[in-house]
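Before we start, here is the structure in question, set down as structure tokens.
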Amino acid sequence: MFSSPQSLRGILLAAALLPLAACKHYNMPDYPAGYREFAYVANSTGNTVTVLDLVYLRPDRTLKVGADPTAIAVNPKLDEAYALNTQPSDSTGSVSVIDTDKNEVVATIPVHRTPSALAISPDGLRAYVTNQGSNTVSVLDLKTRRAIASAPTGDQPAGIAIAPDNRSVVVTNQASGSVSIYAIGIQKASPLTLRATFPGCPGATSPVIMPDSAKTFVACSTGHQIMAIGLSMAPDSWALKQDASLNTDRLLALLVVGQHPTHITMKPDGGEVFVSNQASDSISEVSTQTNDVGSTYAIGDRPTHGVVSADNSALWVAASGNDSVSLYSIDDGKFLSSLRTGSTPDALAFSADQHLILAADSHSGDVAVIRTATKLGPALLTILPAGGTPVALAVKATQTKP
């Protein structure tokens, strides 16, 4: 069926650029008037962000940002997206602020050298940026669009996550093999304070935090383990009243998974995490309640990123080594199917209602669009052009007022 990927890609790219009437695919959702949904794709070698219209499945525009954008995030409260510009290693990086209503760059916020990851607070007021070149984490005020503080990290901070209760920030330090835990301060004088550091996680990356903010799990990417850390609970929380030992951050376990675990995906209900073991071509299933590793499943060649459906039933994993996205049934505990994409898929994202999943194809410079459910199961719908080396994407849906 896919004997000629190059020919298929050409056909799909041409189809994506057909007139508007041809872009309404069979059995697609009926959107209300004023509904808008866009994917924002960071193209690292193109120094651009591609904006894709997910209602009509077509390119919308290309935005010029800073040099080497390697991450992108959307604000949960404001009509904004943020592209993280890594820049040359001898100069400071920046964050490009994109107005998602107008789809234009409206501001640039300087940060420190070689920024590597960013996360947006649940209230949409702050962003936190790890800077590998200066071993710091920057705190950005998104209302005033400026950096208000920075805090030291370990060597080469790589990943970052914010607890849902907005009390803790977790930073993974890749070169020093450690995890830094920070307390988020209400006062402007101390917006971020180091609370604890945990060594012993070589190549630390990809932190995830449970929905109740009780634990974080970190991939030790140059080894074969993940680290489970209990996070300090709020002073007035029910959990702390039941167990006084929960008032501190504490190491819970080092769990053996496959080789070179590069990404951790958490179910929305927080019950399990799935570890992409890139060198083992597998995923490991881990219970977050008992901190036990369950089964390990073959999932495709060099799995990178994963996402789990909102109903907690399906795990999608980008298999970068064989140009495909794999579907794993969590409920049934088995591999279901593999769908071809462009070359070297990496980052994944769902559309707002999850009828589509998008895969950024970093080598072929495009985005594969997959229908998550049809009469015959999941299916590749189209491939849309992006820019040079798309490495990250995020989706934002809005409803304009009449």
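The values are calculated or read from the model by the stated rules, or taken from the named source; none is laboratory data. Just so we're clear, the structure is a prediction, and the values are computed from it rather than from any experiment. All Cβ positions, even for glycine, are placed from backbone atoms using ideal geometry, and neighbour counts span all protein chains on display. SASA here: full protein model, heavy atoms, side chains in, ligands and nucleic acids out. Shrake-Rupley method; radii C 1.70, N 1.55, O 1.52, S 1.80 Å.
If packing is taken as the average number of other Cβ atoms within 10 Å across a peptide's residues, how do 87-97, 389-399 rank, most packed first? The partial results should precede the final answer.
Details: 87-97: 18.7, 389-399: 20.5.
Put in order of decreasing packing, that is 389-399, 87-97.
Let me ask you something else. Given the peptides 272-285, 332-345, arrange them by the average over their residues of other C-beta atoms within 10 Å, most packed first.
Packing order, densest peptide first, comes out as 272-285, 332-345.
Taking square-rooted eigenvalues a ≥ b ≥ c of the alpha carbon gyration tensor, is the stretch 137-256 rounded, prolate or oblate, where a/c under 1.5 means rounded and, failing that, a/b exceeding b/c means prolate? Write out the running numbers ahead of the final one.
Working: a/c = 2.09, a/b = 1.10, b/c = 1.90.
Note, shape of the stretch 137-256 comes out oblate.
How large a share of the accessible area of the stretch 309-402, in percent, is made up of carbon and sulfur atoms when the probe is 1.4 Å and the other protein chains stay in place? Mind dumping the intermediate values first?
Numbers: 1770 of 3400 Å².
With neighbouring chains kept in place, the figure for the stretch 309-402 is 52 percent.
Quick one: divide the alpha-carbon radius of gyration of the chain by 2.2 N^0.38 Å and tell me what you get.
Values: Rg = 20.5 Å, N = 402, 2.2 N^0.38 = 21.5 Å.
Taking N as the residue count of the chain, the ratio is 0.96.
Another one. Once you have all Cα-Cα distances for the stretch 324-372, histogram them in 5 Å bins from zero and send the whole-percent values.
5, 22, 26, 24, 16, 6, 1
Still on this structure, please answer the following. With every protein chain kept in place and ligands, DNA and RNA left out, what is the accessible area per residue of the stretch 81-145? Probe 1.4 Å, answer in Å².
On the way: 2210 Å² over 65 residues.
Ligands and nucleic acids excluded, the figure is 34 Å² per residue.
Follow-up. Reachable lysines from K215, Cα under 30 Å, same-chain residues fewer than 8 places away excluded?
Hits, sequence-local ones excluded: K77, K143, K188, K241, K267, K334, K396.
If you average the sequence gap of Cα pairs under 8 Å that are 6 or more apart and divide by the length of the stretch 92-152, what percent do you get for the contact order?
Details: 132 pairs, mean separation 14.9, N = 61.
This gives 24 percent for the stretch 92-152.
Quick query: amide H of A347 versus all other amide H atoms, modeled in the peptide plane; which residues come in under 5 Å with a sequence gap of 5 or more or a different chain?
A360
Picking from P29, P152, P164, which is most flexible by a Gaussian network model of the chain using Cα springs under 10 Å?
P29
Can you tell me the equivalent ellipsoid semi-axes for the stretch 110-152? Use √(5λ) from the Cα gyration tensor, largest first, whole Å.
They are 17, 10, 8 Å, listed from largest to smallest.
For the chain, what is the relative contact order in percent, using Cα pairs closer than 8 Å and at least 6 residues apart in sequence? Walk me through the numbers on the way to the answer.
Details: 1213 pairs, mean separation 47.5, N = 402.
Dividing the mean separation by the residue count of the chain yields 12 percent.
What residue among T50, T296, T262 has the largest mean-square fluctuation in a Gaussian network model of the chain, using Cα springs under 10 Å?
T296
How are the alpha carbon pair distances in the stretch 213-308 distributed across 10 Å bins from zero to the largest one, expressed in percent?
17, 45, 25, 11, 2
Can you give me the three principal axis dimensions of the stretch 67-116 from its C-alpha atoms, in Å, biggest first?
Sorted largest first, the three principal extents are 34, 17, 14 Å.
Relative to the longest principal Cα axis of the chain, at what angle does helix 5-16 sit, 0 to 90 degrees, rounded to 10?
Here the helix axis deviates by roughly 80 degrees.
Given a 10 angstrom Cα cut-off, can you work out which residue in M233, M28, M266 is the most mobile in a GNM of the chain?
Result for the chain, Cα springs under 10 Å: M28 fluctuates most.
Using amide H atoms built in the peptide plane, which far-off residues or other-chain residues are under 5 Å from D301 H to H?
Correct list: G321, N322.
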